[in-house]
Amino acid sequence: MTAYEIARERYAALGTDTEKVLDKLQDFHLSMHCWQADDVAGFESTGDLTGGIQATGNYPGKARNIDELRSDILKAKSLIPGTHRLNLHEIYGEFGGKKVDRDEVGAEHFQGWIDWGRENGTPLDFNSTSFSHPKSGNLSLSHPDKGIRDFWVEHTKRCRDIADAMGKAQNDPCIMNVWVHDGCKDMSVNHYMYRAYLKESLDRIFEEKKGYMKDCIEGKVFGIGLESFTVGSHDFYTGYAAANGKIPTIDTGHYHPTESPADKVSALLQFVPELMLHVSRPVRWDSDHVTLMDDPTLELFAEIVRAGAMERVHYGLDYFDGAINRIGAYVIGSRAAQKCMLRAMLEPVGIIRDYELAGRTCEVLTYLEEAKTMPWGAVYDEFCTRNDVPVGTGFLKEISSYEKEVTSKR
Ligand code: RNT
Ligand code: ZN
């Protein structure tokens, strides 16, 4: 008997059909973030990354242009089982060496990506980009100066047009995220005014109904350099999403350290249609370390499956570690997210639910503990084999030869 066959029997004894789970895992698509490949630099300018976020590390070989980025992403995808989406930011457009300001961008700058997505079986998602720009400052959509607000409203509206064009071309809605860094470094007394401006800007942005894209909005506890106040806090966006039928984005790095992102799932889904995830790994702050199969991520995916909400969630990744091999970062993080989803789907939740309802806490804990050491690893290995990608640490060899032949020469 193979390790998988043994695993299949052991799970069957708990009422879980691993074949069905493998089919569902095949249907589980991550939205891989394009920005791990180049530390969120983009192709617009060579300027610094500003606006509440920071990439650290100087590992050699980051992608310097669109061809390198595409090649790196395809390499990473070849080592990740299943089929996945690509999440682009506006600053990754094809600007052909011309200066295209953020309020001038259009779908034509993403036609190359749309074609690439089609050729490579990779649906696209999208993000407006309000950071790393001379007009960003500390405030963008909530700036008291109407001219600055108008500029960012125009940018974000154009991004929705681009997302709509992507969704139409791929015949699959493009999920567009709006995250703005707006906040204050120090004491401030105009909080109500900033939030009223943000609300008004969002109302203007979302005025036009779109058929092929979905809007999501991402809150945050604080941004680096903007520690004292965040205009787009979680309360703000939860209220906005619930009132307007928008999708909240749960970025796992965006909460107080002891707050559980997993606990948001069953609460938010009572009031909003869907959720977007930005799966990340905060180490002491929103440091965007590579996603691992750690407890908070396991819990997040378990909560989604227990809520029966797999189809109501979009699974974006959002980390950018410049300190390690960037292809490896994609592969490790994507595989970790898949393992969390796999373990969630393998959980013998039917049995545990019944025990819980019967007040049998001892049995509940016993089954939850046993689930941790069940042979889920053999099921994941089987998934890799069926998808023709290296099992276990096998992908490392591929990554080091790509490093030797490609990225180290940059
Ligand atoms: C920042 C947000 C945001 C960005 C990306 C690049 O804290 O998480 O999602 O990381 O848009
Ligand atoms: Zn995020």
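The values are calculated or read from the model by the stated rules, or taken from the named source; none is laboratory data. Bear in mind the structure is a predicted one, so any value in this text is a computation, not a measurement. Heads up, the Cβs are rebuilt from the backbone with ideal geometry, glycines too, and the neighbour counts pull from every protein chain shown. Calculation scope for accessible area: heavy atoms of the full protein, side chains included, ligands and nucleic acids excluded. Shrake-Rupley method; radii C 1.70, N 1.55, O 1.52, S 1.80 Å.
DSSP beta bridges fully contained in the chain are about 15 percent antiparallel. Think of the chain as a dipole: +1 on every Lys or Arg Cβ, -1 on every Asp or Glu Cβ, centred on the Cα centre; then among V189, Y92, S334, Y92 lies furthest on the positive end.
Counting only protein heavy atoms and using a 1.4 Å probe, the accessible area of V389 comes to about 20 Å². Averaging the sequence gap over all C-alpha pairs within less than 8 Å and six or more residues apart, then dividing by the number of residues, gives the chain a relative contact order of 20 percent. By the rule of a C-alpha distance below 28 Å, with chain neighbours fewer than 8 residues away ignored, the lysines paired with K157 are K98, K99, K135, K146, K168, K185, K199, K209, K210, K214, K220, K246. Charge tally for L86 (other residues, Cβ to Cβ under 10 Å; Lys, Arg +1; Asp, Glu -1): +2. Given +1 at the Cβ of Lys and Arg, -1 at the Cβ of Asp and Glu and no other charges, the dipole of region 109-267 around its Cα centre is 280 debye to the nearest 20.
The local environment of A7, defined by Cβ-Cβ distances under 13 Å, has a net charge of -3 under the rule Lys, Arg +1 and Asp, Glu -1.
In the chain, the longest principal axis of the Cα atoms and the axis of helix 361-373 are about 80 degrees apart. Charge tally around G112: other residues with Cβ under 12 Å, Lys/Arg +1 each, Asp/Glu -1 each, net -3.
Within the same chain, lysines fewer than 8 places from K339 are excluded, and of the rest, those with a Cα less than 19 Å from its Cα are K20, K24, K77, K372. Using only Cα atoms and rounding to the nearest 10 degrees, what angle (0 to 90) does helix 3-13 make with the longest principal axis of the chain? Taking Cα atoms only, the helix is inclined about 80 degrees.
Ranked by the mean number of other Cβ atoms within 10 Å per residue, highest first, peptides 184-193, 311-320, 47-56 order as 311-320, 47-56, 184-193. With contacts taken as Cα pairs under 8 Å and at least 6 residues apart, region 191-290 reaches a relative contact order of 24 percent.
Taken as Cα centroids, region 365-379 and region 61-120 sit 39 Å apart, rounded to the nearest whole angstrom. Across region 149-159, rounded Karplus estimates of 3J(HN,Hα) from the backbone phi angles (6.51 cos²θ - 1.76 cosθ + 1.60, θ = phi - 60°) give 4, 4, 4, 6, 5, 4, 4, 5, 5, 4, 5 Hz, Gly and Pro being marked x. Could you give the angle, 0 to 90 degrees to the nearest 10, between helix 234-244's Cα long axis and the longest principal axis of the Cα atoms of the chain? Rounded to the nearest ten degrees, it is 90. Its DSSP H runs of at least 4 residues, each contributing -39,500 (n - 2.57), put the calculated 222 nm mean residue ellipticity of the chain at -13500 deg cm²/dmol, to the nearest 500. Residues in the chain average 44 Å² of solvent-accessible surface per residue, probe 1.4 Å, ligands and nucleic acids excluded.
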